[in-house]
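A.B. asks: Quick one: the structure is below, and I'll ask about it shortly.
The values are calculated or read from the model by the stated rules, or taken from the named source; none is laboratory data. Note that the coordinates shown come from a computational prediction; the quantities given were computed from them, not determined experimentally. Cβ coordinates were reconstructed from backbone atoms using ideal geometry, including for glycine residues, and neighbour counts include every protein chain displayed.
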Amino acid sequence: MDSMPLILARLTVSGLVIINFLILWLFVKQGSNGVQRRRMRRHSIYLPVEVDGKKGVKGLINDLSLGGCRIGGTLPVKHGQHLPLRLHLPGQGSPLVIERAAVRWVGEKDFGLQFMSIPSNERERLGELLQWVA
């Protein structure tokens, strides 16, 4: 039968191993989702958006920053495609206009955009919204 100090020593070593694996997992997880490549902090906010004004296609924005966003939905987009956006902000009558956003990645149920052209007054409105949700 093991003595109490030996049992405690084994539990401590096991605990340290588990903690090391958890820390390693966090670094791998952080490195695999692209967070370290982003220059601007993304905010978890959901907003309705019109994608490609000609067709009036609607989607739902998520993970919004001054530099881009993720849009949920199965909209037919292709990597590299450029799109205009109209973000519908809460409490504001007119949508925020992004003249051109480039599709940077496409998933099964969402895609990522980088904002390429935003008028200065619209960039200011977006900045105010992001400060409000921060």
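A.B. asks: Give the residues of region 15-54 that are surrounded by fewer than 15 Cβ atoms within 10 Å (Cβ to Cβ) and at pLDDT 65 or above, sorted by residue number.
C.D. replies: Taking region 15-54 and keeping what is surrounded by fewer than 15 Cβ atoms within 10 Å (Cβ to Cβ), we get 15-41, 44, 46, 48, 53-54.
Answer for region 15-54, where residues must be surrounded by fewer than 15 Cβ atoms within 10 Å (Cβ to Cβ) and at pLDDT 65 or above: ARG41, SER44, TYR46, PRO48, GLY53.
A.B. asks: Going by the structure shown, is ILE71 touching a Cys at 6+ places or on another chain (Cβ under 8 Å), in a strand (DSSP E or B) and within 18 Å of HIS43 (Cα to Cα)?
C.D. replies: Spelling it out, it is not the case that ILE71 is touching a Cys at 6+ places or on another chain (Cβ under 8 Å), in a strand (DSSP E or B) and within 18 Å of HIS43 (Cα to Cα).
Results for (1) crowded, with 17+ Cβ neighbours inside 10 Å; (2) in contact (Cβ under 8 Å) with a residue 12 or more places away in the chain; (3) in a helix (DSSP H, G or I); (4) among the aromatic types (Phe, Trp, Tyr), shown as yes or no for each residue.
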residue	(1), (2), (3), (4)
GLY93	no, no, no, no
TRP105	no, yes, no, yes
GLY112	yes, yes, no, no
PHE115	yes, yes, no, yes
GLU124	no, no, yes, no
GLY127	no, yes, yes, no
